[in-house]
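Notes for the one structure printed next.
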Amino acid sequence: MTRALSLIEDEIRSLGTADKERLLQLIWEELDGPADAQADSEWLREVARRSAEIDSGALSTIPATAVFDRVLAKLEK
């Protein structure tokens, strides 16, 4: 790398929010690697399965507020 990392960090700090988001997305994609089409299709299949379980009544959901309340109660102990 020809420029010091600290200079790049300074440049990043001077960017606007939209440019930072774009840069973050670029870095994330670079680190994450190419998309896995098989994983995407398996996730879609899993979502469909879970949705069907909820729709049929075989699985019930818990409101997010109840989940957060439980977590906070455990953290306060």
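What follows draws every value from the coordinates through simple rules; no lab data is involved. The model shown is predicted, which means the values in this text are computed figures rather than measured ones. As a convention, Cβ positions derive from the backbone with ideal geometry for all residues, glycine included, and neighbour counts pool all protein chains shown.
Quick notes on this one:
- For F68: the one exception among (1) surrounded by 11 or more Cβ atoms within 10 Å (Cβ to Cβ); (2) assigned to a helix (DSSP H, G or I): (1)
- Cβ pairs under 8 Å, 6+ apart, first in region 37-62 and on the phi < 0 side of the Ramachandran plot, second part of a helix (DSSP H, G or I): L59/R50; L59/E53; S60/I54; T61/I54
- On the stretch given as region 1-22, residues that are assigned to a helix (DSSP H, G or I) and either touching a residue at least 24 places away in the same chain (Cβ under 8 Å) or among the basic types (K, R) (or both) total 3.
- The set of residues in region 23-65 that are over 19 Å from the mean Cα position of the chain (by Cα) and not in a helix (DSSP H, G or I) comprises G57, A58, L59, S60, T61, I62, P63.
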